[in-house]
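First the structure, in the form of structure tokens, and then the observations on it.
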Amino acid sequence: LRDAAVRGVLVAVVQALERILLDGGPRRVFVPGDAPSLLEDVQLLREFFVARDAEGTVHGLAEEEVDLVSERLLGIVRLMHLPTGELTARFVDEAERLPDTDERDPFTRANLGRVVLHRAAADPAAKAFVASHRAWLQ
């Protein structure tokens, strides 16, 4: 029962962080330089839910389970690390191949677009892309 409750908390925290990163609103701005800090935050989250003692014995959830639950969040942070030009090129060039959304896979057109949207205020290339693809990004 304890593991189920802890897993439920982990799932809720991961979903909340995904929402913050992808649906944070127009005032939330991320640039590729933020990715290392975000990656560190995800690693801290994973370590917290695994919770090893000084001898390395796991007292939280199994590491594999934490990795499985946080895998998509980690992928979103990796997307955020990519340069704007690469994100926009993939958005356009791989439009036929990429799914619009996917509950497991972070590499979707919707997520590429959302990452670019969160750069528009700080990145002229992102701003121009958003302006020219506004219909799809809404």
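Would you mind finding the longest exposed-site-free stretch of the chain, with exposed GluC sites (Glu not before Pro) meaning DSSP loop and at most 16 other Cβ atoms within 10 Å? The segment 1-54 is the longest one with no such site. Using the Cβ-Cβ distance between Glu103 and His133 with R0 set to 30 Å, the FRET efficiency works out to roughly 0.80.
Here Asp3 and Phe48 are evaluated by their C-beta separation; at R0 = 22 Å the FRET efficiency comes out at 0.90.
Among the protein heavy atoms, those of Leu137 account for about 30 Å² of accessible surface (1.4 Å probe, every chain in place).
Exposed loop sites were defined as trypsin sites (Lys or Arg not before Pro) in DSSP loop states (anything but H, G, I, E or B) carrying at most 15 other C-beta atoms within 10 Å; in the chain the longest segment without such a site runs 29-96. In this simple spin-label model, placing a label point 7 Å from the Cα along the Cα-to-Cβ direction at both Ala95 and Asp67 gives a separation of 3.7 nm.
The values are calculated or read from the model by the stated rules, or taken from the named source; none is laboratory data. If you're wondering where the values come from, they're calculated on a predicted model, not measured in any experiment. Here the Cβ is made from the backbone with ideal geometry for all residues, glycine too, and neighbour counts use every protein chain on show. The accessibility values were calculated without ligands, DNA or RNA, using every heavy atom of the protein model including side chains. Shrake-Rupley method; radii C 1.70, N 1.55, O 1.52, S 1.80 Å.
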